[in-house]
């Protein structure tokens with residue numbers, strides 16, 4: 001059985017991680033009912049805090065996203081710079097709040113899970129997969145371009161962090177990570193914007209260490225690692241979440 005760490009998409013990783021942690025601990029990671037609401041938000045019993053309507057579709061800051069990949073001491077968390085790193089950048093830019101269909105309709109999750117732990121956050125979003133929280137975005141094309149722009153800005157910051165880290169840069173593993181990360185093409189909003197570098201992108205590996213001072217053996221052959229558009233990935237996320245359930249909202253008077 002595939003472990004949560006081996007899952008390709010970050011949303012699959014996080015949900016499997018949530019289920020694994022839940023089985024191993026008695027700590028309640030699911031949203032509790034004693035949460036505090038965001039100022040000005042209406043009260044509800046779904047384990048969610050509703051954001052104010054004027055900022056419901058705001059993206060996080062560049063620094064917020066970078067903090068998921070770079071430690072407080074400024075050193076990159078190298079385990080996050082694997083062949084799915086571009087997907088993780090996209091996930092943390094969107095925070096799991098955006099989904100799209102093949103017709104380029106874009107939805108935004110207009111609620112804030114009380115537990116900020118990544119896997120609990122995603123589990124809360126998936127558990128509240130209804131039209132009460134998923135709202136259509138009025139300007140989907142503009143928003144997809146905005147997401148693309150922020151993803152590219154984050155990538156440049158992460159590349160700078162790798163190239164200027166104070167950690168041990170002489171290790172073979174670090175050099176391989178840096179080469180692969182430099183090869184990543186820019187983020188694009190739509191499939192029609194992809195070029196040769198997106199379609200022919202590859203991921204290279206290190207050779208296995210030999211015993212003693214024998215160095216490394218011949219590395220495994222590089223494998224295709226095709227990079228899709230942001231819209232393409234958000235349609236995958238849309239399918240992962242499942243159909244948006246229709247919920248009749250009765251106003252309280």
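The values are calculated or read from the model by the stated rules, or taken from the named source; none is laboratory data. No experiment lies behind these values; they were computed from the predicted model shown. Don't worry about glycine lacking a Cβ; one is built from the backbone with ideal geometry, like all the others, and counts go over all protein chains shown.
Could you give me the residue pairs with C-beta distances under 6 Å whose first residue belongs to the stretch 235-249 and is on the phi < 0 side of the Ramachandran plot and modelled with pLDDT under 95, whose second residue is assigned to a loop (DSSP other than H, G, I, E, B) and loosely packed, with under 15 Cβ neighbours inside 10 Å wherever it lies, and which are 6+ apart or on separate chains?
Note: pairs meeting the criteria are 246/131; 247/131.
Among the listed residues 6, 64, 82, identify the single one that is more than 27 Å from residue 135 (Cβ to Cβ), out of contact with any strand residue (DSSP E or B) (no Cβ under 6 Å at 6 or more places or on another chain), modelled with pLDDT of 90 or more and surrounded by 10 or more Cβ atoms within 10 Å (Cβ to Cβ).
Details: 6 fails: modelled with pLDDT of 90 or more; 64 fails: more than 27 Å from residue 135 (Cβ to Cβ).
After ruling out the rest, the residue left standing is 82.
Could you tell me which residue of the stretch 211-223 is farthest from residue 12 (Cα to Cα), considering only residues that are modelled with pLDDT of 80 or more and either in contact with a helix residue (DSSP H, G or I) (Cβ under 9 Å, 6 or more places away or on another chain) or surrounded by 10 or more Cβ atoms within 10 Å (Cβ to Cβ) (or both)?
So, considering only residues that are modelled with pLDDT of 80 or more and either in contact with a helix residue (DSSP H, G or I) (Cβ under 9 Å, 6 or more places away or on another chain) or surrounded by 10 or more Cβ atoms within 10 Å (Cβ to Cβ) (or both), the one farthest from residue 12 (Cα to Cα) is 222.
Among 133, 155, which is the only one that is buried (at least 16 other Cβ atoms within 10 Å of the Cβ) and farther than 15 Å from residue 87 by Cα?
Values: 155 fails: farther than 15 Å from residue 87 by Cα.
The conditions single out 133.
How do the strands (runs of 3 or more DSSP E) wholly within the stretch 85-152 filter down when requiring 3 or more residues that are under 14 Å from residue 230 (Cβ atoms) and touching a residue at least 60 places away in the same chain (Cβ under 8 Å): which remain? Full working, then the answer.
Values: elements: 98-100, 106-109, 134-136.
The strands (runs of 3 or more DSSP E) meeting that bar are 98-100.
Consider residue 74 carefully, then state whether it is modelled with pLDDT under 90, at positive phi and surrounded by 11 or more Cβ atoms within 10 Å (Cβ to Cβ). Please lay out each step first, then the result.
Details: modelled with pLDDT under 90: yes; at positive phi: yes; surrounded by 11 or more Cβ atoms within 10 Å (Cβ to Cβ): yes.
Yes, satisfied.
Go through the stretch 118-147 and report how many residues are within 18 Å of residue 241 (Cα to Cα) and out of contact with any helix residue (DSSP H, G or I) (no Cβ under 7 Å at 6 or more places or on another chain).
Step one: of the stretch 118-147, the residues within 18 Å of residue 241 (Cα to Cα) are 118-137.
Add one more test, that the residue is out of contact with any helix residue (DSSP H, G or I) (no Cβ under 7 Å at 6 or more places or on another chain), and what stays is 121, 124-125, 127-128, 130-136.
Number of matching residues: 12.
Which members of the stretch 158-199 meet the condition of being touching a residue at least 12 places away in the same chain (Cβ under 8 Å) and part of a loop (DSSP other than H, G, I, E, B)?
Of everything in the stretch 158-199, those that are touching a residue at least 12 places away in the same chain (Cβ under 8 Å) and part of a loop (DSSP other than H, G, I, E, B) turn out to be 165, 166, 167, 184, 185, 186, 187, 188, 189, 190, 194.
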